[in-house]
Structure formats: C-alpha cells, structure tokens
Amino acid sequence: MISLAQIPIPLIKIVVGLLGILIFIGLNGLACVYLERKVAGHIQRRPGPFEVGPHGILQPIADAVKLVAKQMITPKGADPILYWSAPIISFAPAIVCFLPLPFGPSLQNISINIGLIMVLAFSSLNVLALCLGGWSSQNKWSLLGAARDIAQSVAYEIPLLLSMLPIVLLTGSLNLADITAYQGAWPWQWLVVKQPLAFIIFFVCIFAETNRAPFDLPEAESELTAGFHTEYAGMGFGLFFLAEYSYMVVGCALATILFLGGYQGPVAPGWWWFLIKVYGLLMVMIWVRWSFPRVRFDQLLNLTWKWFTPLILINILITALVVKLI
Amino acid sequence: MLDTTLDSLDLRGDFYTRNFQPHPSENRLILNMGPQHPSTHGVLRVILEIDGEYIVRAEPVLGYIHRMHERMAEVKRYEQYLPNLGRIDYLHALAWNWAYVGAVERLMGLEVPKRAEYIRVITCELNRISSHLLWWGAYLLDLGAFTPIMYAFADREIIMDILQRITGSRLTYCYYRFGGVSQDIDDKFIEQTKELCKYLRPRLKMYKDFVTDNIIFRKRVEGIGIIETEILRKYGATGPVLRGSGIAYDVRKTKPYSVYSEIEFDVPSYELEDAFGRYLVRMQEMEESLKIIEQCLEQLPAGDFILPKAPKRPKPPAGEVYFTVEGARGEIGVHLLSDGSAYPYRLKLRSPSFSNLSLFPEVVKGTLLADAVSILGSLDLVIPEIDR
Amino acid sequence: MERLGLITLILHILIVVVGGFITVFANNIVRSLTGLILTLFGGAGLYFLMAAPFIGIMQVLIYVGAVSVIIFFAIAFTRRAQFGLTESRKSSQYFLVCLLPILPVAVLGYFLVKEITTSIPVPQISSVQTLGKFFLGPYVLPFELISLVLLIAMMGAVILGFEKKRIQMEQLDQAKQEE
Amino acid sequence: MTKEGLGHVLEVKPGFCALLATGKVGYKKQLFILPDDLLNVVKHLDECGYALENITALEIEEGFLLVYHFNQWNNGEKLALKVLLTDGVKEIDSISDVYPGALWHERECFDFFGIVFKNHSNLIPLLLDPKENIHPLLKAKNKRQPLAAIMPESEKIEQYIKIEELGK
C-alpha cells in the first residue's frame, strides 16, 4: 500500500492544479455565456436574459442544464467514434493550455521554461478536432466548415507565431512567468508600448484562432448553416462551445501576459489584475463580434498572407537589430 | 465495385437533385442550399454544384410554399379574394392590395376619391419603408452582422404600430377596398406619421455611419454579383435590382398611377451593377419614401375615404386589364380577365421576385459560396411571393 | 516515483502501439489518420519522459497540429473519404502488413543486444538555449538546408495552387461558353 | 370546336400580326399572332429593346390563349403578344433562346396548363409536385368561355402589320 506521504508532491500539485483549472473553465464558461448574452443584448438595445434569477444571472445555468439534458443524436451514416471524440479532442487540450499560465505571482501550475510554445502547441489541436467533427458528421456543410477551418488555420497560425517572436527576442525567455516579470507595473512599462504592431496582429489572429466574428468562417451561420457543428446536439455542441470560450480566455490571457504586463498592476499586483485585463480583452472580443459583418474567406487569407506576415517579419527584423545594437 | 457504389450514391436525392445532374464529376460536390437554410429567408432551395467553394452551377427549386393563389382567385368572389393579396408578399402587402384593387377599379371604371388615393400612397410608402428596413437587417445578417436586424426591427415596429391602428393588422394587411380604403385616417395617425419621419431621418444617417461606411461590409458587397443591363432585360428584372444597375425605371415615375404624378420625388439609381448598388438604391428609397409621405400629409385633401357608391360585391364587365404598381421588390402586375360574372375568369399575378430570382443562376456562376449568399440577399427575395 | 514513471512509460508505449495498429488496420482512411495522430501523441509523451519537453511539444505543434491537419485536408476531400466508404482487405494483405514491422524490430533488437549502452538514470533537461546554440553552431548547415527545403516546398505549393486555380477558371469559362 | 366559335377568332395570315385596340386594358400595343410566327416576332421585339415581363396563359373555349407581356424601360410602354392555340394543340415554341427569363414562366405555364414548350431546355414542374401530374388551372368544359366573351376589345382589329416592319 502506498501511504499518503509517499505520493510525490509535484503530482499532488498537478492534480490540485488540474482541478482548479477545471473549476475555472466551468465558471468561466458560465460567466462568458452570461457576459456574451448581456453585452450582445445591450449592444442590440434589448435587455438580454432577464427571466431566470435577478437580471438573468442564472441563465447560464439554465442553458447548461438544457444542454446536458438534451438527447445526443448521432446522424445516420456518421462515423460514431470519431464523431463523438471530436468534441472531447476539442475540449481536452484547453485544460493543458491553462497549465503554464501565471495567474498571479505565485499562481502558476507548472513553471515550464517553454510555456509559451506549450500553449501554442495544444491550442493548435483545436483545428484537428474541428476537422474530425466536420468530416465525421457526414454532412456536406460540416465538411465545408472543416475545410474552411484548416485553410483558416494555415492563414492565421504563421502570423500568430511570428507576432510572439519580438517579445521572445526582447525578454529572452519562453517562460510566461519571466515574460510577465520583465514588464513593469505601470502601463508604459508594458510591452504593448514597445511592440504595438505585434500586439495588434496577435490580437487579430486570436480572433481567427478562436473562430470568433468577423473570422467565424468555419461556423458562418448564414453561409454554412453552422459549419462543423451543424449536426451536434446536447453536450457534443456544449463541449465545442465550452472549448471556444476556454480558447478565448487562453488567447486573451496570452495577450495579457505577453503585452499587457500579466498580473502586474499599478496598485496591489495580483491575480485580480490579471483577470481584469483578461476579461477586458474578452469584452472587446464580444463587442467586435456583435458589431462587424463576417469577412469573406479569401479576404482573411489576403489579410494574413499579404499584410500580416510581411509586416510582422519586418517588425521582427527591426526588433532583432535593436536588441543586438543596444 | 467501388464505382457502382458511387453511382448508387449519386442517385440519392429527390427528383430535382437527379434532374440537376445524375453524375457529378470528380472533385465536385452537389449541395442543397435549403429548403431550410438561414440565408434563403424562407423555404427556397438552391441546388449548387460547387468546386471547392466556387459555384459552378446553381438551380433554384421553388414551390415549397406554393398555395395556388391563382386558382383560389377563380373560385372566390372578387371581394372574397382581397385577404389573399396580403399573404402573397408579406413584407409589402399593401402594394399587392393596391395592384389587385386597382385592376378591378380600372375594369369597372371606378373613380377613387382624392383623399383615398393620398391615404393609399401614405400607407403604401410606410409599408415600403418597413419592408426595406427588414431587408436591410436580414441582408446584414446574411453577411454575418447580427446587430442591425435588431435595430431594423425596432424601427419597423413603430411603423407596424402606426399601420395597425388604421388597418387592423400588423403584417398581412387588407386595407384597400374597391373605390377607396376601408377606414379613414385620423389626426393621431397623421401626428404619429410626422413623428416617425422626424425620427427615421437621423436613424438612416446612423445606419449609414454604422454599416454603409464599414470597410468589411464594403468589401463584401462591392463588385459582387455584377448584373449587366442585357441580363436584366432578358430576365425582366425590376425594382431596386434594376435601378442598382443604373436604369431609373420606376412605375411610380415612368407610368404614374394614383397621385404619384402630383408628388415630387426622385428615383435613385446607381450605375454600379453590383450588390452595393442595389443596397444604396434601397437605402436611398427609404429617404424618398419619407419625402413622399411628408408631402402627402401636407397635401392631404378632405373628402370621402371611399367612393360612396362603391359596390360591396363587384361584378365587373367582361374584359381584360393589366395593372402594375411599384412594390418594394419591383413591378407588381395583376393581369385580370373577367367574363362578367362575380368570379374572376383568370387572374395572373406577376411577382417581381420571381423574375429577379430567375437571373440568379446566371449571376452566381463562378462566385464563392459566401458571395452567393451576398447576391441572394441583395436580390431581396420574399419566397411566398415567388411561389404564390 | 519510479513505479509511477514505469506505469507512465508503459501507458505511452501502449498508446503508440495501439495507434500504430489502428493506423494499419483501420479500413477507413480518416480513422487510419486518427491512429497515426495517436501514435505521434504517444511519441510526444515519450519525449517528455526522456526529459526533452521541447522536442515533445514540437512534436505536438508540428506533427499533430500542422502536418496531420494538412494530411487530413488532403485526404478528407477525396471522394472515398467524403462518402465514408470503407474497403475490405484480403487476408494476404494482413499477413504482409504484419510482416513489415518485423524488419525494424529485428534491426533495432540486434543492435540493442549486441551493444548494450548504459543509459543515464536521471536524464538531464537541456534548455532551449543549448538547443538553439547547437542548431546555429555545429549544425548550422543542415539547419539552413532544411529551411531551404521548406521554402522550396512552400513556393512549389503556391505555384501549384495558382496553376490549379487557372485551370479551374478556364473550365468555368468553357462552361459559360458552352451555354 | 365549332366553326361558329372560331368565328370570333381573329383571322391572321402567316407573316402578319394583327394590331388590336387596347382600350382600358393598360397596354400601349396589343399584337395577335399565329403560333408559328412567335419566335420571329419575339426576335424583333428583342432587337427593339423590349424587356420580358410576364408570360401567362388561360384556357378558353377555342383552346389556350398565351399572353406575353413586354415592357420598355424608358417610357414604361407595355406590349402584349397574344397567341391562340386551337384544335387541341398543346405545343408552342419556347422563346427561351431569345429571352432566357422565359424559362421559368414557361415552366409555370407547363405546370398550370400542361402546355408543352418546344426546345425548352428544362421543362420540369416549377411550382407543383413533380409526382402529381395535375394542371390546376384547366377549366371544366362547361365553365370555358369563348374569347369574345372575355376580351371584347380583341374583336376590333386596327390594322395588320408585316412582322418585318414591327420595329418601325
């Protein structure tokens, strides 16, 4: 028998951390659903959810209950194993993405020296899940959605990776805690001041990465009905949904850590600063979604390949020169 | 063995899919857009042959809400058929009302009182604005913007409230009668309408800032769905689709009916030939409609709102009449043949959306799927009107 | 701790083996690919166990996240995959398939038995900086050559893409003219 | 089909079209032609820049009357072409080669009346169920009226025009 004391401490840390992350993802999903609906409501000059609980605060729970209680339908002719593994593949890597994020000065699950790449690697798995789901649904709209998703990932993935390089060049580290520590507490000490172009490109690419409007091409309700998740019902759709919100938070958290000073703030640094910045960026994402039309597919490719990639390459070159010279 | 299974797979689908192409070539996909699809606005179905996302061929399939209005006309008395007209184009119901009532009036030689004509113009233009507003919201929804439709509906609600007080219904109006209208307008209506005009002008300006000048929107409509004049002529397109290509043909101006000749207004037309041209025409038309309404309210004469001797159960003399009015989607025509009995002998409804949609396969060839949605939206289709 | 490590190792080997079997025996091309991805994942896990997390993550980022997705793109749109068609194999094919892995196992096994190397009990974690210095130091030529190959591959893809687009447009024009 | 019923039907020679009085109908011009001349006339109208507006049909005692509505954009002047199919003939040339917009209108007529349009590229039901072979606008024999009863104006022929001179 293994006694409790024999269990290695890192393992306990990871298990506790994972539990914490799962709770955070769940709560974040609820908060995001409420936020999205409420902000959308106010943008559209209507109150948003108002019936369940005061100011509709319990609406996300009602939504969750509805999703869980719904029948899970497998379409005729679909590949059942791949069909049901797709939402799981979409959701599971999101948990890993949270591991190296420093929420606060001492609130980091694993302090890995390649944290940035780890987040990127696991967030790129979402594409795979989307194509599997789209392909296995045995629905032509889903298939088109999957195709769009792959082409889109080819488009945004490169400028997204490149836009982080200037930061890595400046800080000389891939550890997210180090990058946060490199920046100061005051806004003019943040890296967004040194790298405004990289920040803009990074943030726009995050929209594409999370399939949010105006780059929600794989879903594109008005064109592909619902794209890759046309056929999903109940928690199958729910997991895709949760994954989307998780990736949104991961994207905004990365932007916060890389460009906005992470958990550092002018007064009393701590995890609250981190959350304020992350949810501030989330609000921007929601705001953009409800204000802009969708771009066309080739326009996204043009934007990323013809504008973002050359611009960010020039940016890297200049950064490298400056770093070398100073 | 593989080939035979492929063959049998290709032969799936209904009559129209099989008729479209029994054997699609390699790398091409036959796709059914509709009958339930978010951007076909109703139950239109378009069979597409796509290569990647490029559309090689398209064929609309109609008839999902076909109700045989023309047959219904032959078994109903003239006055019994009136409510049917509101159900043909549910967005601009009053124009259809007018087309039918006008045709019967012309056949019978009824002279409509001046006040009734003015009331008709006011209500019809109000209805046109509400129709264009809904199109505006729905079109942007097609392009992926979720918010404008909420704004459009909020504005449209005011117009519907105004019309509801007078006509008694909110959507499928049956307001016009042979020789006039069913109910006179009152001071409150006039006051509300004037307020609406004051309210809508800055709103339209806001819509321009909010949507028309948006770069993403511009890129989605400019140069998309170019329709040449020759195609428009051969397919008989009318309305904003025609005026978006630079031809200022408007029944209200070219062949004025009712009191349109006494009112000053412009017929907006843009020689852009693309979806943006059609968009601008409709946006401009709302302003023109406001102008018409304001003038009519000023010039509104006193008098009867319906001919005192108007027949409740008309029995027009034998003869033929073809009466056209300008609807929100184009020229609405009613071709009526009477044999002198209380039932129409034959009634043909010429719907503008029908002709406008028929050129869609021609325009959509070689465009992307996303553009097809944009083009379909820019034609402003109302499916019940096409299917009738 | 050691027992835990052993369990993890066996788990990863199992993932690799199961993934490999799925890849070979699945009668649907997309399922095969999924098996391949599983194998690659197991491989990434093994790198982690060998205290080379950078390589492991790169495996996930490049092979799973990028290469597999591109392969998916290529095969998912073939007609066979589109309609979910499956192929039945003959038993002789299964035999050949089983025979094939014996070769590398034999070669590797021979060297393992012949020259037993002593492994480091606790592996050292090499930092990214060391790796980078290696790539731009002693291995600069192969490193640059690889980037050149990648560049050429990218250019080729672009050229092929343009070519295909041109042919498509010609076909469309022809279809228009025919009407 | 008695000769008496046909007595009202306009006598048009091949190659000519009869210009009818319009009265209050709402057209600028009304032309009555023989089925064989249809394509010829439509080609002339195409050259004159007319837009196709509508195609409709009705069943009368003599047979089927097809009405083609054309329109001119610059002045809104409408022109109606009327073609009578007598003696149980249910076939007529399709004008879709000249006006592709006619494709759907003709399909609709095929749906409602069962009139077959020759050289139509895709003559399948447009609005009705393709499985049910019914033509809802056909009238019972006792309900059919003669042409003169529903179109009193069409008795008055103003003049005959040679088709070649139509454009003038």
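Computed quantities for the displayed model
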| item | result |
| --- | --- |
| Elements of type helices (runs of 4 or more DSSP H) in segment A:252-326, at least 1 residues being under 20 Å from residue A:116 (Cβ atoms) | A:271-289, A:309-325 |
| Helices (runs of 4 or more DSSP H) wholly inside segment B:328-388 containing at least 2 residues that are away from chain D (no Cβ under 14 Å) | B:369-378 |
| Enumeration of residues in segment A:122-146 that are at the interface with chain C (Cβ under 10 Å from one of its Cβ atoms) and surrounded by fewer than 24 Cβ atoms within 10 Å (Cβ to Cβ) | A:124, A:138, A:140 |
| Test: residue in segment A:229-247 that is within 12 Å of chain B (Cβ to nearest Cβ), open to solvent by 10 Å² or more (accessible area, probe 1.4 Å) and of a type in the set (Val, Ile, Thr) | yes |
| Matching entry among D:49, D:23 (being more than 30 Å from residue B:66 (Cα to Cα), touching a helix residue (DSSP H, G or I) at 6+ places or on another chain (Cβ under 6 Å) and assigned to a loop (DSSP other than H, G, I, E, B)) | D:23 |
| Criterion (touching a Gly at 6+ places or on another chain (Cβ under 9 Å), modelled with pLDDT of 80 or more and within 14 Å of chain D (Cβ to nearest Cβ)) met by exactly one of B:58, B:73, B:93, B:103 | B:103 |
| Unique residue being touching a residue at least 60 places away in the same chain (Cβ under 8 Å), within 20 Å of the chain's Cα centre (by Cα) and closer than 28 Å to residue C:55 by Cα when the list is A:170, A:162 | A:162 |
| Leading residue by the ranking (farthest from the other protein chains (Cβ to nearest Cβ)) among those in segment B:207-238 that are closer than 27 Å to residue B:332 by Cα and of a type in the set (A, V, I, L, M) | B:226 |
| Number of positions in segment A:54-83 that are over 30 Å from residue A:117 (Cβ atoms), of a type in the set (A, V, I, L, M, F, W, C) and in a helix (DSSP H, G or I) | 8 |
| Of all residues making up segment A:76-98, the number that are within 12 Å of chain C (Cβ to nearest Cβ), open to solvent by less than 40 Å² (accessible area, probe 1.4 Å), of a type outside the set (Phe, Trp, Tyr) and touching a residue at least 40 places away in the same chain (Cβ under 8 Å) | 6 |
| Residue count, segment D:94-153 (criterion: more than 7 Å from chain B (Cβ to nearest Cβ) and in a loop (DSSP other than H, G, I, E, B)) | 24 |
| Single condition residue D:69 does not satisfy, out of (1) closer than 22 Å to residue B:254 by Cβ; (2) open to solvent by 10 Å² or more (accessible area, probe 1.4 Å) | (2) |
| Those residues of segment C:28-51 which are out of contact with any Pro (no Cβ under 8 Å at 6 or more places or on another chain), in contact (Cβ under 8 Å) with a residue 40 or more places away in the chain and open to solvent by less than 60 Å² (accessible area, probe 1.4 Å), in sequence order | C:28, C:30, C:33 |
| Residue B:212 being polar (S, T, N, Q) and open to solvent by less than 50 Å² (accessible area, probe 1.4 Å) | yes |
| Test: residue B:239 is in contact with a Pro (Cβ under 6 Å, 6 or more places away or on another chain) and surrounded by 20 or more Cβ atoms within 10 Å (Cβ to Cβ) | yes |
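Condition check ((1) more than 14 Å from chain D (Cβ to nearest Cβ); (2) touching a strand residue (DSSP E or B) at 6+ places or on another chain (Cβ under 7 Å); (3) over 26 Å from residue B:118 (Cα atoms); (4) of a type in the set (Asp, Glu)) across all residues:
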| position | (1), (2), (3), (4) |
| --- | --- |
| B:255 | no, no, no, no |
| B:259 | yes, no, no, no |
| B:272 | yes, no, yes, no |
| B:280 | yes, no, yes, no |
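The values are calculated or read from the model by the stated rules, or taken from the named source; none is laboratory data. Just so you know, these numbers come straight off a predicted model, no measurement behind them. Cβ coordinates were reconstructed from backbone atoms using ideal geometry, including for glycine residues, and neighbour counts include every protein chain displayed. These area figures cover heavy atoms from the full protein model, side chains too; ligands, DNA and RNA do not enter into them. Shrake-Rupley method; radii C 1.70, N 1.55, O 1.52, S 1.80 Å.
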